[in-house]
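Data first, discussion second: the structure below is written as structure tokens.
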Amino acid sequence: MKGFAMLEIGKTGWIEKDYPTCGPLDAICRPLALAPCTSDVHTVWEGALGNRHDMILGHEGVGEIVEVGALVKDFKPGDKVLVPAITPDWNSLEAQAGFSMHSTGMNSGWKFSNFKDGVFGEYFHVNDADGNLALLPEGISPMEGAMLSDMVPTGFHGAELADVQYGDSVLVIGIGPVGLMSVAGAALRGAGRLIAVGTRPVCKEAASFYGATDFVSYKNGPIDEQVLEMTGGKGVDKVIIAGGTVDTFQEAVKALKPGGRIGNVNYLGSGEYINIPRVEWGVGMGHKNIVGGLMPGGRLRMEKLSSLVLNGRLDVSKLITHTFEGFEHVEDALMLMKDKPADLIKPVVIIK
């Protein structure tokens, strides 16, 4: 089969690979819709995960099952399925402890384009099919379903990590597709004032749609100074970091009230250390909590998120700004994510 792969750090290309092997609990799918991610960009061009050789990229997609293992109970060939970017081993001790995304090791629930070939192939393998796949409901297109793989659950997890409560003032740093879903997740959890950091008009328009009430531009000076001015020097209750660099944490801590919480879902692709400002962190005693986490994967998550879409609570179509038809355009879509033109939020490739 053919796949679009990371050949080595800084280099991609089309390669031929063997058809994947289906274990007794697993499934093999062919893609119906695929979406590249900024994580793919970090992986290839920043070497964030270390070198990967001839590894098929991609972890966002909707598929059609072509083969299931002998012990799979709930799925069969021909089923159209939502495929989460994170596919844990559900019988692991880590999953039993409540951290399925770290099953068998830190971040090891993230298998696609990390430890094994991803979904940018003519066929792809899904471990623990009953625990990780979900049926694509009628009423959700494959293109919309691809947004449920990673963008929605990661953004929503930012709101969970920050523990957004009714009436909270919330700062969302970065309003790319994940940040937009952090805005949407915070709004659904009851945020009051919702300040978004971003400059591109297409993203600001979408952020307003999803619930942002105010905007800050990093081009106008330090984020924390602007937020403190907007809030009369008090800062915000919660911060969600969905973009930026290792230095972004300094501004987040400074903008946060004592007793507040920072939820980070930004993939830090470079930098060695995160610096926390000593004084603004309350000299170590400010009760300013920082939590970073990989989003939960699995079937239940997919089913709950699809329910939000089906019942009109969430419109993911605002994320999709560019579409392609044909598997051969996976490369074009990935390069869009790398180059990030001003009118881009998210590209999707439809495969018939």
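We did not get these values from a lab; they are worked out from the coordinates using the rules stated. Fair warning: this is a prediction, and the values are worked out from it, not measured in the lab. Here Cβ is always computed from backbone atoms with ideal geometry, including for glycine, and neighbour counts include all displayed protein chains.
Structure notes:
- Nearest-ten-degree value, helix 177-188 long axis tilted from longest Cα axis of the chain: 70
- Tail beyond 29 Å, pair distance distribution of the chain (Cα, percent): 37
- For Met55, the amide hydrogen comes within under 5 Å of the amide hydrogens of Met6, counting only partners 5 or more places away or on other chains and with H modelled in the peptide plane.
- Span per principal axis, largest first, for the Cα atoms of the stretch 61-218 (Å): 53, 34, 26
- Extension gain, Leu7 back to Asp339 (0.36 nm per residue minus Cα-Cα distance, nm): 117.6 nm
- The trypsin sites (Lys or Arg not before Pro) of the stretch 18-95 meeting both criteria, a DSSP state outside H, G, I, E and B (loop) and at most 12 other C-beta atoms within 10 angstrom of the site's C-beta, are Lys73.
- Percent of alpha-carbon pairs separated by more than 22 Å within the stretch 154-292: 27
- For Leu135, residues with placed amide H under 5 Å, excluding near neighbours: Leu82
- With a cut-off of 12 Å between beta carbons, the residues surrounding Asp89 carry a summed charge of -2, where Lys and Arg count +1 and Asp and Glu -1.
- Rounded to the nearest 500, the 222 nm mean residue ellipticity of the chain from helices alone is -7000 deg cm²/dmol, with -39,500 (n - 2.57) taken per DSSP H run of at least 4 residues.
- Under Karplus coefficients 6.51, -1.76 and 1.60, residue-wise ³J(HN,Hα) of the stretch 198-212 in Hz, glycine/proline x: x, 10, 5, x, 5, 6, 5, 4, 5, 4, 4, 4, 7, x, 5
- Among residues other than Ala162 with Cβ under 13 Å from its Cβ, the summed charge is +1 (Lys and Arg +1, Asp and Glu -1).
- Evaluated with a Cβ-only charge set (Lys, Arg +1; Asp, Glu -1), the chain carries a dipole of roughly 820 debye about its Cα centre, given to the nearest 20.
- Amide H contacts of Val216 (H built 1.01 Å from N, in plane; Pro and chain starts excluded): Ala196, Val197, Gly198 sit under 5 Å, all sequence-distant by 5 or more or on other chains.
- GNM result for the chain, Cα springs below 10 Å: residue of Met285, Met230, Met147 fluctuating most strongly: Met285
- Contour minus Cα-Cα distance for Thr245 and Val283 (0.36 nm per residue): 11.4 nm
- Reciprocal mean inverse distance between Cα atoms of the stretch 199-272 - Kirkwood radius, Å: 13.3
- GNM flexibility winner over the chain from Asp74, Asp54, Asp89 (Cα, springs under 10 Å): Asp74
- Relative to the dominant Cα principal axis of the chain, helix 330-339 is inclined by about 20°.
- Degrees, to the nearest 10: 151-161 long Cα axis against longest axis of the chain: 40
- Exposed loop sites, defined as GluC sites (Glu not before Pro) outside DSSP H, G, I, E and B with at most 11 other Cβ atoms within 10 Å, are absent from the longest region of the chain, namely 1-137.
- Along the chain, counting only chymotrypsin sites (Phe, Trp or Tyr not before Pro) with a DSSP assignment other than H, G, I, E or B and at most 11 other Cβ atoms inside a 10 Å radius, the longest segment between sites is 1-165.
- The residues neighbouring His125, those whose beta-carbon lies less than 13 Å from its own, together hold a net charge of -2 under the Lys/Arg +1, Asp/Glu -1 convention.
- 3J(HN,Hα) along the stretch 121-127: x, 5, 9, 9, 9, 10, 6 Hz, from the Karplus curve 6.51 cos²θ - 1.76 cosθ + 1.60 with θ = phi - 60°, whole Hz, x for Gly and Pro.
- Over the stretch 259-352, all Cα pairs binned in 5 Å intervals from 0 give whole-percent P(r) values of 2, 9, 11, 12, 17, 17, 12, 10, 7, 2, 1, 0, listed from short to long.
- Close Lys-Lys pairs in the stretch 154-292, where close means Cα under 12 Å and separation is 8 or more or interchain: 7
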